[in-house]
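Colleague: Quick one: the structure is below, and I'll ask about it shortly.
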Amino acid sequence: MLASLADYHTHTPLCRHAEGWPIELARVAAGLGLGELGFADHNPMPEPFDDWRMLIGELPRYIESVEQARAEFPQLNIKIGLECDFIVGHEQWIEKLAGLHDWDYLIGSVHYLPDGWEVDHPKYISRHKDSADAIWESYWKTYVQCIESRLFDFVAHPDLPKKFGIRPEGDLRRYYEPAVAALAETRTPFEINTAGWRKECAEQYPALDFIALAHSAGVPLVISSDAHTPGDVAAGFQDAATLAKNCGYTTTLRFTRRTRTAVSIQ
């Protein structure tokens, strides 16, 4: 089954919260028989911004480290991209980054809410407990803007605010439906991200209801591990593929120079 899948959402030590250089992750991917491996470290910003992303001057080292993995494992298709934080007002910076290399894909994600704090940082757990509804309202509004920007080849971990196991009450499809509509309108894929199974929420990103809505709307998907260590590569992929197929999906995507093709989920 893994030969039909690609893991495009993986990180390197340049993001300052991951272990294992591309050559180490590639060794694991090759051993697993994974179809393709891609790297998508957190995008640099034009000036110091936070402490969990590469610096702009480290882009050459990032590209070189991926080239080293390609040279060491020529039998494995290895791709390169960036995970880019969508922050209103920084769209032109993403456009500039897009032209700095022949990326295979750019992933859009939302970690920062408009007031500046990080939605998945553990220091804000108390806010999640006290203001889950307000947080989700702000997050999903921003996520729709991320999708509608059309800057990205797919979007990451759609319901990230549930990371700590805290969710608003009631039917959460009220948050999912506008995002799915935006995905369908812009023909933007989303990812099933297995990292959620390794977090407090103990559930893939996004929830089953989101995946079902997306399939009904004809939205394509990819499956990602969000690997921060070599052992995370393709983690949970067989379960994720089964979940996707149970929701009606029969294909996933491959990316080359920002052009996508559909591949059957075996």
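Colleague: Any idea what the dipole of the chain comes to, in debye rounded to 20, about its Cα centre with Lys/Arg Cβ at +1 and Asp/Glu Cβ at -1?
Modeller: 500 debye
Colleague: Which of the lysines could a cross-linker span from K129 if the Cα-Cα distance has to be under 20 Å and same-chain partners fewer than 8 positions apart are dropped?
Modeller: K141, K162, K163, K199
Colleague: Kindly provide the helix-only [θ] at 222 nm of the chain, computed as the sum of -39,500 (n - 2.57) over DSSP H runs of four or more divided by all residues, to the nearest 500 deg cm²/dmol?
Modeller: Helix contribution divided over all residues of the chain: -10000 deg cm²/dmol.
Colleague: Moving to a separate point now. May I ask you to derive the relative contact order of the chain, considering only C-alpha pairs under 8 Å and at least 6 residues apart, and to give it as an integer percent?
Modeller: 20 percent
Colleague: Name the trypsin sites (Lys or Arg not before Pro) in region 220-266 that are in a loop by DSSP and that have at most 14 other C-beta atoms within 10 Å, would you?
Modeller: R257, R258
Colleague: A follow-up question, please. Let me check against my output: what whole-number percent is the relative contact order of region 26-98, with C-alpha pairs under 8 Å and at least 6 apart? Kindly include the intermediate steps, with their values, before the conclusion.
Modeller: Working: 72 pairs, mean separation 30.2, N = 73.
Computed value for region 26-98: 41 percent relative contact order.
Colleague: Ok, one more. Set the Förster distance to 45 Å, then compute FRET efficiency between Q266 and D130 from the Cβ-Cβ distance, nearest 0.05.
Modeller: It comes to 0.50.
Colleague: Further question: Using alpha carbon coordinates only, what is the Rg to Rh ratio of the chain, with Rh defined as the Kirkwood radius?
Modeller: Dividing the radius of gyration by the Kirkwood radius yields 0.93.
Colleague: Please state the shape class of region 1-126: rounded when a/c is under 1.5, otherwise prolate if a/b exceeds b/c and oblate if not, all from the C-alpha gyration tensor. Before the final figure, lay out each step's value.
Modeller: On the way: a/c = 2.00, a/b = 1.63, b/c = 1.23.
Judged from the Cα gyration tensor, region 1-126 comes out prolate (a/c at least 1.5, a/b above b/c).
Colleague: Right, another one. In straight Cα distance, which aspartates and glutamates are under 18 Å from K245, not counting same-chain residues fewer than 8 positions off?
Modeller: In chain and number order, the partners are D7, E191, E203, D209.
Colleague: Let me ask something else about it. Using each residue's phi in region 183-196, evaluate 6.51 cos²θ - 1.76 cosθ + 1.60 at θ = phi - 60° and report the 3J(HN,Hα) Karplus result to the nearest Hz, with x for Gly and Pro.
Modeller: Karplus values, whole Hz, x for Gly and Pro: 4, 5, 5, 8, 6, 9, x, 10, 10, 8, 10, 7, 4, x.
Colleague: Where Rh is the Kirkwood radius over the Cα pairs of region 138-205, the temperature 25 °C and the viscosity 0.890 mPa s, what D in µm²/s does Stokes-Einstein return?
Modeller: Answer from the Stokes-Einstein relation: 196 µm²/s.
Colleague: Rounded to the nearest 5, what % of the DSSP beta bridges within region 1-126 are antiparallel ones?
Modeller: 5 percent
Colleague: With a cut-off of 8 Å between alpha carbons and a minimum separation of six or more residues, what is the relative contact order of region 147-246 in percent?
Modeller: Here the relative contact order equals 28 percent.
Colleague: Give the separation of the Cα centroids, region 90-157 to region 158-233, in Å.
Modeller: 13 Å
Colleague: Per-residue counts of other Cβ atoms within 10 Å, averaged by peptide: what ranking do you get for 62-72, 77-87, 141-151, highest first?
Modeller: Details: 62-72: 16.3, 77-87: 22.7, 141-151: 18.8.
Ranking, from highest mean packing down: 77-87, 141-151, 62-72.
Colleague: ³J(HN,Hα) across region 26-43 via Karplus (A = 6.51, B = -1.76, C = 1.60, θ = phi - 60°), whole Hz, x for Gly/Pro?
Modeller: 3J(HN,Hα) across region 26-43, in whole Hz: 5, 4, 5, 4, 5, x, 7, x, 5, x, 8, 10, x, 10, 8, 5, 4, 4.
Colleague: Right, another one. Quick one: of the DSSP bridges fully inside the chain, what percent are antiparallel, nearest 5?
Modeller: 25 percent
Colleague: Under a 10 Å cutoff between Cα atoms, tell me which one of A179, A26, A134 has the largest fluctuation in the Gaussian network model of the chain.
Modeller: A134
Colleague: So what J values fall out for region 219-232 if you push phi through Karplus, 6.51 cos²θ - 1.76 cosθ + 1.60 with θ = phi - 60°, rounded to Hz, Gly and Pro as x?
Modeller: 8, x, 9, 10, 10, 9, 9, 6, 5, 10, 9, x, x, 7
Coordinate-derived values only; no laboratory data. Keep in mind that this is a model prediction, so the values were computed, not measured. Note: ideal-geometry Cβ built from the backbone for every residue, glycine included; neighbour counts use all protein chains shown.
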